[in-house]
1. In terms of Cα to Cα distance under 16 Å, which lysines are near enough to residue 16, apart from those fewer than 8 places away along the same chain?
2. If each residue's Cβ is checked for other Cβ atoms within 10 Å, how do 85, 62 rank with the fewest at the top?
3. To make sure I understand, if each residue's beta carbon is the centre and we count other beta carbons within 10 Å, what order do 19, 58 fall in, fewest to most?
4. Show which aspartates and glutamates lie in cross-link reach of residue 67 when reach means a straight Cα distance below 16 angstrom and same-chain residues fewer than eight apart are skipped.
5. At 7 Å along the Cα-to-beta-carbon direction for both residue 27 and residue 83, put a label point, then send me their distance in nm to one decimal.
6. Could you give each residue of the range 47-63 its phi-based ³J(HN,Hα) in whole Hz, using Karplus coefficients 6.51, -1.76, 1.60 with θ = phi - 60°, and x for Gly or Pro?
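Derivation of every value follows stated rules applied to the coordinates shown; laboratory data play no part. Computed from a prediction, not measured in an experiment: that's the story for all the values here. No Cβ is skipped: glycine too gets one built from the backbone with ideal geometry, and neighbour counts run over all protein chains shown.
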Amino acid sequence: MMHNIEEHTLFFFGKKKDYLIRQYKAIPPVNEENAPGPIAYNTQELIRIVKHAIENEYVVEDEYKEKKLKINSFNDNQNTKRITDFLKEHQII
């Protein structure tokens with residue numbers, strides 16, 4: 001069975017965010033204001049977020065749906081199919 005990732009919760013693990021900013025002067029493109037899913041900054045937060053997602057059957061909360069649409073206005077729910085078709089066409093899978 002193929003799952004459409006666009007219908008499920010996305011997680012972001014930002015444990016090294018401060019290091020990347022200090023070391024490379026890089027500001028991550030995904031942050032609290034625009035992330036289309038919860039961000040965990042440590043292992044305990046990640047565990048809490050994953051448990052919450054499991055308990056809610058991976059349903060994406062409205063807050064994150066809105067943020068996702070701001071980042072990706074094109075949405076036909078066919079991304080996973082396009083990727084697998086490409087991989088099959090090029091005999092990768």
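1. By straight Cα distance, residue 16 reaches 25.
2. 62, 85
3. Lowest count first: 19, 58.
4. Within the straight-line limit of under 16 Å, residue 67 reaches these aspartates and glutamates: 6, 7, 32, 33.
5. 2.8
6. For the range 47-63, the Karplus curve yields 4, 4, 5, 5, 4, 4, 5, 4, 4, 9, 6, 6, 6, 6, 6, 3, 3 Hz.
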